[in-house]
Amino acid sequence: MRLSPGLVAAASALLVAVSGCTSSSDTTAAESSSAAASATPAEPTAADITWTDCDEQIQPLVEGRPGSERDVAFECGRTEVPISYDEPDGATMPIFLVRARLAGQADRIGSLLVNPGGPGASGADAAIGRALTLPEDVLRRFDLIGFDPRGVGLSTPVECVPDELKDRMVAAEPRPVTDEQLDAVFAMAQEAAEGCAEEYGDALGTFSTTATARDMDLLRQSLGDEQLTYLGYSYGTTLGSTYAELFPDRVRALVLDAAVDPEADPQADAEASAAAFEAGFDAFAANCTQLIAGCPIGAEPRRFVEDLLARAAAAPIPSARPGETRQATPGVIMTAVQAALYSTTAWPQLAQGLAAAQAGDAQALFSLADTYYGRLQDGSYSNLIDANTAINCADSDPDTEVPEEDIRVLAADWGQRYPLFGAGAAAGLYPCTVWEAERTPLPERDAQGAAPILVVGNSGDPVTPLPGAVDMAADLASGVLLTWQGQGHTAYPKNDCVNGAVNAYLIDLTVPAEGTTCPF
């Protein structure tokens, strides 16, 4: 998954807190036999957004978090979009939004839509989180709007992968190289695909990025903005660039932070991801071994993790959390490692959690892994995994899928070249090969005729490596690249230099000079 760090944990709590502020649609995507969105944008009528004050429900969720002292008011909204843009006047599905407005706004420009990535992460949660962290100079000029894309959160969520299967997926062998290990991983993917096909049928194809981009244009109209101002992280860069391709004349300003490479096919993308996570782990290890107080996992963090994985494979590690019955397998450990590499602020928790696991308590590792996949303390999950698979596969091009026999070869090869992450990256190529849904492959995206689009890349990004941002900026006719020499996933608003450039672009439409690089 590709999402902005720190924006997952509150999502499930948000669903509970504000579920009374929205109502369900009489017609769901699963009940519609409509096909996926067509290749030519339709022009349906934008529906009104019904807003409700939900400040009372949201404020307790942010209390005590950095930025919670800000005087921000929250509203929850609901609107409707066509299930299929082939039938723009046909059945509709609900879209859930959150609007965050800083007190004392002046010279308001309009709305700033935000998407945190995934796909499958809650845009509503992103608006809440970013209301606490975005520079106040920006919040004084924009209403911050987050919406759960179709199939996500409170917007007709795709829910077809049972919690028990998700637990098995997380616990499964994270580095499958033998036929037996790969067979087990493939069988779970097949089980999920069959369950989702049975639950949704042809409607699975409606959860595509192309359809969501069209939803976003209806939201722009409903919000009263002549053009779109947008902040997209990770997968959100794919959504934003798709919008720009479909509606180039409706772009005011797009910030695409941590760009997913538009030129990489699935195999190249997976290999680049494996290599980047290996580099990210090395950066974590180097930082740990340079700590004045000493690294909790010793002088050789990679060796420590390998030894811990071997120990957990022989005897899974329990957790000291009261009531916890799960034991940490290698799959849980590697999920925790991967989750922590998204943000340098999680590195201390990872190092301490690995050390605690060696001492017999995997509680901290479960915390990281559960947050990453949206698992709650009661054992239920958000629909992050369901939506991630449904959207990725709806976007996929069958012509670029990697055959099963090739995946087996890649798992063995990459397992040697990228020891921690290679085999898992190869196995991740499998799920869409058995997904039963109509596809709407992503369009080629040059967004000819669009206003300047700011693409931000991070030289130490372990999730979306910098070459992806370079390629996206080059492919977009009006793309401008801003580089940060930092660590972790995404850049804005983590660095003063980056913040200054992005703020100037969002507010004044001033783009940074070509080749601008911000130091760490």
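The values are calculated or read from the model by the stated rules, or taken from the named source; none is laboratory data. Note that the coordinates shown come from a computational prediction; the quantities given were computed from them, not determined experimentally. In this analysis, Cβ positions are derived from the backbone assuming ideal geometry, glycine residues included, and neighbour counts consider all displayed protein chains. Side chains included, ligands, DNA and RNA excluded: accessible areas come from the protein's heavy atoms. Shrake-Rupley method; radii C 1.70, N 1.55, O 1.52, S 1.80 Å.
Values computed for the structure shown
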item	result
Candidate set from the range 194-217 (those that are hydrophobic (A, V, I, L, M, F, W, C) and part of a helix (DSSP H, G or I)); member that is farthest from W435 (Cα to Cα)	M216
Number of positions in the range 386-399 that are in a helix (DSSP H, G or I) and exposed (fewer than 14 other Cβ atoms within 10 Å of the Cβ)	2
Neighbours by Cβ (under 6 Å, 6+ apart or cross-chain): first from the range 485-506, hydroxyl-bearing (S, T, Y); second in a loop (DSSP other than H, G, I, E, B)	T490/S4; T490/A258; Y505/V511
Search result, residues across the range 436-448 that are under 15 Å from D399 (Cβ atoms) and either polar (S, T, N, Q) or in contact (Cβ under 8 Å) with a residue 60 or more places away in the chain (or both)	E438, R439, T440, L442, P443, E444
Any hit, the range 482-494, residues being buried (at least 22 other Cβ atoms within 10 Å of the Cβ), touching a His at 6+ places or on another chain (Cβ under 9 Å) and within 17 Å of L231 (Cβ to Cβ)	no
Qualifying residue in the range 181-203 (condition: touching a Ser or Thr at 6+ places or on another chain (Cβ under 6 Å) and of a type in the set (V, I, T))	no
Close pairs (6 angstrom Cβ cut-off, 6 or more residues apart or separate chains): β-branched (V, I, T) in the range 177-200, open to solvent by less than 70 Å² (accessible area, probe 1.4 Å) anywhere	V177/A411; V177/A412; V177/G415; V177/A423; V185/A172; V185/P176; V185/A427
Residues being within 19 Å of the chain's Cα centre (by Cα) and buried (at least 23 other Cβ atoms within 10 Å of the Cβ) - total across the range 339-353	4
Criterion (open to solvent by less than 10 Å² (accessible area, probe 1.4 Å) and under 17 Å from the mean Cα position of the chain (by Cα)) met by exactly one of L239, L182, L219, L204	L239
Candidates D475, D461, filtered to the one that is open to solvent by less than 40 Å² (accessible area, probe 1.4 Å), under 16 Å from D261 (Cβ atoms) and in contact (Cβ under 8 Å) with a residue 60 or more places away in the chain	D461
Y230, sole failed condition from (1) within 26 Å of T483 (Cβ to Cβ); (2) more than 25 Å from the chain's Cα centre (by Cα); (3) hydroxyl-bearing (S, T, Y)	(2)
Complete set of residues in the range 235-282 that are of a type in the set (G, A, S) and assigned to a loop (DSSP other than H, G, I, E, B)	A258, A259, A264
Test: residue in the range 84-95 that is within 23 Å of L139 (Cβ to Cβ) and open to solvent by 10 Å² or more (accessible area, probe 1.4 Å)	no
Single condition A258 does not satisfy, out of (1) within 30 Å of F142 (Cα to Cα); (2) at pLDDT below 95; (3) of a type in the set (A, V, I, L, M, F, W, C)	(2)
Scan of the range 427-458 for residues that are under 29 Å from A286 (Cα atoms) and open to solvent by 50 Å² or more (accessible area, probe 1.4 Å), ordered by number	G428
Counted residues, the range 322-331 - those being under 28 Å from the mean Cα position of the chain (by Cα) and more than 9 Å from A362 (Cα to Cα)	5
Residue within the range 253-275 that is of a type in the set (V, I, T) and either surrounded by 20 or more Cβ atoms within 10 Å (Cβ to Cβ) or touching a Lys or Arg at 6+ places or on another chain (Cβ under 9 Å) (or both) present	yes
Conditions (1) surrounded by fewer than 22 Cβ atoms within 10 Å (Cβ to Cβ); (2) of a type outside the set (D, E, K, R); (3) out of contact with any strand residue (DSSP E or B) (no Cβ under 8 Å at 6 or more places or on another chain); (4) over 25 Å from P66 (Cα atoms): number failed by G110	(3)
